[in-house]
Amino acid sequence: MSFQILNVVLYGYNRKRRILSLNPGRLNIITGASKTGKTALIEIIDYCLGSSYCSIPEGIIRQTVEWVAIRLQVVEGHVFVARRLPSAGQAASSNVLYIVGQNVDIPEYSALIQTTNSNTLEGLLTAHAGIAENIHEPSQGQTRQPLTADIRHALFYCFQQQAEVISNKHLFHKQSEQWIPQAIKDTIPYFLGAVDDRHFAKMAEFRRLRRELHGLERKLAEYESVRGRGFSRAQGLLSEAIDIGLRPDGTTPDDWEQYVTSLRNIYSTPLPEEEEQIGAEGEEYERLQRERQQLVYELQRIKEQLLAAKALSSEREGYSREAEAQSARLHSIQLFEESNEVDYRVCPLCQSQLDEAEIPPFIADLQQSIVELEGQIRSVEERSPQMQKVLRTLEESFEETRRKLRENREAMEALQSSNQRLQTLRDRAARRAHILGRIGLYLETLPALEDTSDLRREINELRSQITQLEEELSDETVEDRIQSCLSLISRDMSQWAKELRLEHSEYPLRLDLKRLTVVADGNDGPIPMERMGSGENWVGYHLISHFALHKWFVVRNRPVPHFLFIDQPSQVYFPEDRDWEQTRRGEDGGDREAVARMYRLALQVIQELSPRFQVIITDHANIDEPWFQDCIVERWREGLKLVPPEWAEDLE
């Protein structure tokens with residue numbers, strides 16, 4: 001997968017279109033005079049291919065053009081990308097029209113609408129170029145972040161601006177900008193194929209295996225940690241069990257698993273015969289304990305009844321005293337005799353007339369009350385001896401129960417003091433029960449540990465696979481592949497350098513990716529491009545380097561756009577346009593022949609790779625040869641320019 005350029009389109013504010021047509025798989029030459037817009041073409045194409053900054057020169061283009069566009073030939077058919085030029089003060093515009101189809105016609109101005117943005121456009125073009133998922137991870141110790149190659153990185157090999165093609169220090173597009181050289185170094189192994197899709201699949205597998213290995217190692221470490229922490233504890237418990245006589249056999253464990261097995265055997269083994277002796281000899285003691293519990297309960301019950309009886313007796317005595325006092329007061333009515341003739345409306349003392357509310361009760365009523373009160377007093381006095389009897393009975397029962405408790409305690413103390421062996425056995429049984437309880441708790445808290453032999457074997461197998469992948473993915477292996485690629489590329493460079501008759505072409509040539517330059521391995525050591533002399537050599541080495549790289553990209557179907565745009569390669573021979581036009585045949589023949597050799601080499605490479613490689617050259621050179629004239633797509637002279645002159649008039 002890749003793409004080539006079919007058209008470059010300008011849309012003016014006057015709603016008109018300017019279409020420049022290019023031929024895929026061929027050499028496309030745009031020749032013309034100075035200041036006709038040749039240099040701006042690279043910036044227009046780069047802007048339409050997702051550049052984050054619009055470098056289109058200020059002037060007639062920015063004043064008259066509203067949208068710029070390109071139509072691409074892709075595997076699916078055609079892709080049309082139009083992008084609005086940024087407003088004043090903006091670095092770029094996010095207004096992008098994207099159309100893809102088997103056949104896409106160039107739309108009219110009225111159809112220009114935003115359908116996507118520049119970020120999405122970059123992803124779409126990356127896919128059209130065939131760039132798959134990839135990532136460059138810096139070596140350990142590097143501070144820069146991992147980098148994923150995309151369409152913007154691929155375009156470093158597709159453009160040679162006017163100032164770049166004659167540079168003796170920088171070989172690639174935008175190499176002079178900050179961070180770009182490192183980005184080229186990080187991504188070129190992918191574009192060369194030294195790290196291909198299989199490499200990244202292996203990297204993904206390597207990362208997966210490492211995650212799996214770390215998980216298994218953590219699991220094994222947890223098991224080992226449990227064994228390490230539990231070894232001394234298990235050893236201590238087993239020692240205590242042996243000391244108290246709970247050891248079922250006399251073997252000595254060799255590792256933690258055997259210690260745990262011994263503890264499990266101890267925990268599941270029945271108690272020794274001494275425990276049965278404690279059960280037989282301690283029956284009397286247990287009976288006394290049960291008897292004491294019963295006596296304590298009985299004593300508490302009697303105490304509660306005695307307290308209740310005393311409270312009742314106290315209340316009875318209080319009632320009796322109060323009733324006798326009331327009876328004495330009522331006996332005062334015996335001063336009066338009962339008579340039917342008594343006038344109760346007259347006070348018996350002062351003979352005064354009483355009101356209705358002041359009439360006292362009848363004497364007979366008072367006498368009846370006295371009789372009832374005396375009866376109640378006699379009833380209480382008659383029951384008093386019975387209450388006293390109840391109190392005495394309860395007090396006797398309380399004292400009797402206390403006596404039995406003393407006797408029980410004395411019997412238990414006598415039994416304990418007279419049976420020292422029973423006490424010893426009880427202490428021993430308590431110790432055994434305590435140790436067994438600790439052993440049981442320890443065994444319950446142990447995790448369900450698996451046999452680690454399979455786990456260790458799996459870890460070893462993963463480590464072996466990871467080691468093999470590390471060797472295949474190592475920097476040394478990748479570097480060997482890169483050098484293999486560069487060796488084949490250098491073969492073409494050396495051959496073409498001789499065809500162009502470049503200086504130092506008698507020596508083997510190579511690309512130096514560490515310094516991003518061309519090096520000739522001379523007899524006295526390497527000769528970098530910056531020490532290779534004249535501008536003719538610099539242009540020549542730029543051309544053969546990029547031709548060789550694109551031949552590699554095309555033949556091996558690498559995901560780099562299959563076009564190369566070069567701006568004014570003949571400038572070192574004919575710095576100004578008039579030099580070419582005003583010289584006659586025979587004058588400056590050597591320079592003209594050198595320029596012709598460059599173009600013949602471009603045509604030769606294109607024909608060798610046809611139809612999968614496209615070269616676009618803007619130049620003021622115009623060689624009067626049929627093969628050259630057949631490659632010209634437009635001549636920008638005599639008023640013909642990239643932007644039609646009348647567009648400026650339309651704005652007036």
For Glu133 and Glu649 in one chain, what is 0.36 nm times their gap in residues minus the Cα-Cα distance, to one decimal in nm?
180.8 nm
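In which sequence would Lys389, Lys514, Lys310, Lys174 go, from the one with the fewest C-beta neighbours within 10 Å to the one with the most? Walk me through the intermediate numbers first.
Numbers: Lys389 10, Lys514 7, Lys310 14, Lys174 20.
By the 10 Å Cβ count, ascending: Lys514, Lys389, Lys310, Lys174.
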Ratio for segment 93-230, C-alpha Rg to 2.2 N^0.38 Å, reads 1.59
Taking other Cβ within 10 Å of each residue's Cβ, how do Arg592, Arg515 sort, fewest first?
Arg515, Arg592
Sorting Arg402, Arg71 on the 10 Å Cβ count, fewest up front, what's the list?
Arg402, Arg71
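So how do 27-33, 138-144, 201-207 stack up, highest first, on mean other-Cβ count within 10 Å? Numbers along the way, then the final one.
Values: 27-33: 22.7, 138-144: 7.9, 201-207: 14.3.
Listed from highest to lowest mean packing, they are 27-33, 201-207, 138-144.
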Summed side-chain charge close to Leu469 - residues other than Leu469 whose Cβ falls under 12 Å, Lys, Arg +1, Asp, Glu -1:
+2
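Every number in this text was worked out from the coordinates using simple rules, so none of it is lab data. Note that the coordinates shown come from a computational prediction; the quantities given were computed from them, not determined experimentally. Backbone-built Cβ (ideal geometry, glycine too); neighbour counts: all protein chains shown.
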